[in-house]
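The values are calculated or read from the model by the stated rules, or taken from the named source; none is laboratory data. Note that the structure is a prediction, hence the values are computed from the model and not measured. Reconstructed Cβ throughout: ideal geometry from the backbone, glycine too, with neighbour counts over all protein chains shown.
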Amino acid sequence: MSTFQELELIPALRQAIEAAGFHTPTPIQALALPPILARADVLAQAPTGSGKTAAFGLGLLQRLDAAAIRTQALVLCPTRELADQVGKELRRLAAAIPNVKISLFTGGVALGPQLASLTHAPHIVVGTPGRVQELLHKRALDLSEIDVLVLDEADRMLDMGFEKSIQDIVRRLPKARQSLLFSATWPDEIRALAKDSLREPVEIAIEGEAHAPDIDARFYEVALDAKPAALMGLLLQLKPESAVVFCNTRRDVDDVATALANVGFSAAALHGDMEQRDRDEVLVMFANRSLGVLVASDVAARGLDVKDLACVVNYELPHEADVYVHRSGRTARAGGSGLVLNLVTSREMARAQAIETGRGEPIRWNRAPLNARPTDVPKPAMRTLRIDAGRTDKLRPGDILGALTGAAGLKAEAIGKIDVFPTRSYVAVRAGVLKAAIAGLQAGKIKGRSFRVRAM
């Protein structure tokens with residue numbers, strides 16, 4: 001398959017593909033879509049950022065019966081953040097299909113509203129294994145008529161200890177279903193899960209995916225007390241458009257983010273101790289390019305899906321070499337190249353040697369700039385506006401775009417990514433038009449109503 005036109009998709013999905021600007025299928029889409037549409041089980045090697053969500057999304061939406069009020073598809077994801085991204089992508093693809101209900105069920109948020117939403121069965125459930133299992137045990141969620149099961153980033157779900165939850169969920173599903181498993185790697189545990197969950201699957205591995213991505217990994221030996229200066233110096237010297245800085249502890253995440261923000265960097269922390277709303281806002285701002293530096297723990301960043309991430313910084317080397325590979329791969333997705341900066345103290349040399357062994361090539365050590373003065377701190381090109389209204393107010397991205405290009409008078413090219421949550425929405429605008437955007441929305445209306453608007 002070389003074009004989407006070769007597929008016999010329903011008109012609504014053809015419209016969605018055109019609206020999304022999809023032209024040429026990614027390798028995983030080209031290989032996976034034909035067997036998925038043929039209703040075969042699929043075992044696919046596909047990392048985050050490869051286009052796999054559209055692959056399984058088009059497949060399950062193609063066979064969806066919107067007139068039938070029952071849950072027909074289940075998508076399991078390792079984290080709330082990834083589940084949210086998958087839900088948004090599915091809603092975008094389903095925009096032209098009337099009355100499709102897609103519900104998100106994850107931990108980290110109150111159970112009550114999720115239970116209330118199940119008064120009317122959703123057509124598609126996207127969730128994390130723990131919360132889906134909890135809803136099943138409460139007999140609040142009916143999956144007895146599932147047509148399609150998707151296990152997304154299955155290797156990460158197993159790493160997070162969800163194996164028994166997945167097994168419990170799968171046992172409750174009808175045997176006559178289509179099952180799709182996507183994983184970045186195929187260790188024995190994935191093979192075992194596939195054997196239990198899939199029937200004679202078509203196996204797909206993107207050609208060349210097993211090879212190491214094109215990553216420029218630079219190592220800097222620094223004293224422990226010199227790490228903050230080394231980090232700032234490298235960010236000022238290289239000026240990456242976007243960077244994720246990994247720390248091993250939540251305390252270090254907060255300390256590093258605060259230090260960067262105090263000298264003028266657009267930086268924020270992301271870890272598991274934060275309130276879910278705060279985590280959502282940080283992820284939105286980083287994804288829409290209004291936040292330049294994200295300082296994160298490994299667990300909090302697992303669901304992060306940012307295209308064209310310029311740089312990854314290991315402020316501290318991870319204790320396990322495979323975690324280093326996973327961190328590094330975030331800056332070299334879908335066959336691209338990436339930059340990884342590693343700050344290494346004498347106490348971390350054993351970890352560096354393990355990474356060196358895994359890389360199969362000697363580490364070349366560099367000298368970190370320790371005397372850089374933060375006089376020219378790069379600022380993001382975009383800023384984020386928060387609108388205190390969302391899906392519960394029947395607000396859609398097109399409504400916000402229309403208000404900004406209409407009464408507010410902004411040009412479409414000055415408007416970036418728009419994210420709509422149940423009770424709030426976020427829109428990125430170019431920094432130079434921030435005041436005009438706020439004034440325009442405050443003076444005008446969105447869908448005939450006035451909502452509170454403020455800059456993040």
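Restricting the first residue to region 431-456 and requiring it to be under 24 Å from ALA381 (Cβ atoms), which pairs with a second residue that is β-branched (Val, Ile, Thr) and part of a helix (DSSP H, G or I) meet a Cβ separation below 7 Å and a spacing of at least six or different chains?
What qualifies is VAL453/ILE438; ALA455/ILE438.
Do we find that SER242 is under 25 Å from the mean Cα position of the chain (by Cα), farther than 30 Å from ALA350 by Cβ, outside the structural domain of LYS138 (by TED's automatic domain parsing) and among the small types (Gly, Ala, Ser) in this structure?
Details: under 25 Å from the mean Cα position of the chain (by Cα): yes; farther than 30 Å from ALA350 by Cβ: yes; outside the structural domain of LYS138 (by TED's automatic domain parsing): yes; among the small types (Gly, Ala, Ser): yes.
In short, yes.
Which one is surrounded by the most Cβ atoms within 10 Å (Cβ to Cβ) among residues in region 24-58 that are of a type outside the set (S, T, N, Q), in a loop (DSSP other than H, G, I, E, B) and under 22 Å from the mean Cα position of the chain (by Cα)? Give the steps one after another, and end with the answer.
Pass one, region 24-58, residues of a type outside the set (S, T, N, Q): 25, 27-28, 30-44, 46-47, 49, 51-52, 54-58.
Now drop any that are not in a loop (DSSP other than H, G, I, E, B), which leaves 25, 38-41, 46-47, 49, 51.
Right, trim to under 22 Å from the mean Cα position of the chain (by Cα) and you get 25, 46-47, 49, 51.
Values: PRO25: 21, ALA46: 29, PRO47: 23, GLY49: 20, GLY51: 16.
Ranking the qualifying residues of region 24-58, first place goes to ALA46.
Scan (1) over 28 Å from the mean Cα position of the chain (by Cα); (2) hydrophobic (A, V, I, L, M, F, W, C); (3) surrounded by 13 or more Cβ atoms within 10 Å (Cβ to Cβ) for the single condition ALA443 breaks and write down its number.
(3) is the only condition that ALA443 fails.
Restrict the check to region 375-382 and report whether at least one residue is in contact (Cβ under 8 Å) with a residue 12 or more places away in the chain and part of a helix (DSSP H, G or I). Quick ask: steps written out before the conclusion?
Just the residues of region 375-382 that are in contact (Cβ under 8 Å) with a residue 12 or more places away in the chain, to begin with: 376-382.
Those still in the list that are part of a helix (DSSP H, G or I) too: none.
No, every residue in region 375-382 fails to be in contact (Cβ under 8 Å) with a residue 12 or more places away in the chain and part of a helix (DSSP H, G or I).
Give just the number: which of (1) in contact (Cβ under 8 Å) with a residue 40 or more places away in the chain; (2) over 22 Å from the mean Cα position of the chain (by Cα); (3) farther than 12 Å from VAL75 by Cβ does MET160 not satisfy?
With respect to (1) in contact (Cβ under 8 Å) with a residue 40 or more places away in the chain; (2) over 22 Å from the mean Cα position of the chain (by Cα); (3) farther than 12 Å from VAL75 by Cβ, MET160 is out only on (2).
Listed residues ALA403, ALA437, ALA408, ALA389; which is over 23 Å from the mean Cα position of the chain (by Cα), surrounded by 18 or more Cβ atoms within 10 Å (Cβ to Cβ), part of a loop (DSSP other than H, G, I, E, B) and not assigned by TED's automatic domain parsing to the domain that holds LEU291?
Testing whether each residue is over 23 Å from the mean Cα position of the chain (by Cα), surrounded by 18 or more Cβ atoms within 10 Å (Cβ to Cβ), part of a loop (DSSP other than H, G, I, E, B) and not assigned by TED's automatic domain parsing to the domain that holds LEU291 leaves just ALA408.
Going residue by residue through region 417-428, is there one that turns out to be among the hydrophobic types (A, V, I, L, M, F, W, C) and farther than 23 Å from VAL86 by Cβ?
no
Among the listed residues PRO380, PRO397, PRO374, PRO422, identify the single one that is touching a Phe, Trp or Tyr at 6+ places or on another chain (Cβ under 9 Å) and either under 30 Å from ALA229 (Cα atoms) or surrounded by fewer than 20 Cβ atoms within 10 Å (Cβ to Cβ) (or both).
On the way: PRO380 fails: touching a Phe, Trp or Tyr at 6+ places or on another chain (Cβ under 9 Å); PRO397 fails: touching a Phe, Trp or Tyr at 6+ places or on another chain (Cβ under 9 Å); PRO422 fails: touching a Phe, Trp or Tyr at 6+ places or on another chain (Cβ under 9 Å).
Result: PRO374 is the single residue among PRO380, PRO397, PRO374, PRO422 that is touching a Phe, Trp or Tyr at 6+ places or on another chain (Cβ under 9 Å) and either under 30 Å from ALA229 (Cα atoms) or surrounded by fewer than 20 Cβ atoms within 10 Å (Cβ to Cβ) (or both).
Of the numbered conditions (1) surrounded by 17 or more Cβ atoms within 10 Å (Cβ to Cβ); (2) in contact with a Lys or Arg (Cβ under 8 Å, 6 or more places away or on another chain); (3) over 24 Å from ASP280 (Cα atoms), ALA428 fails exactly one; give the number of that condition.
That leaves (3) as the condition not met.
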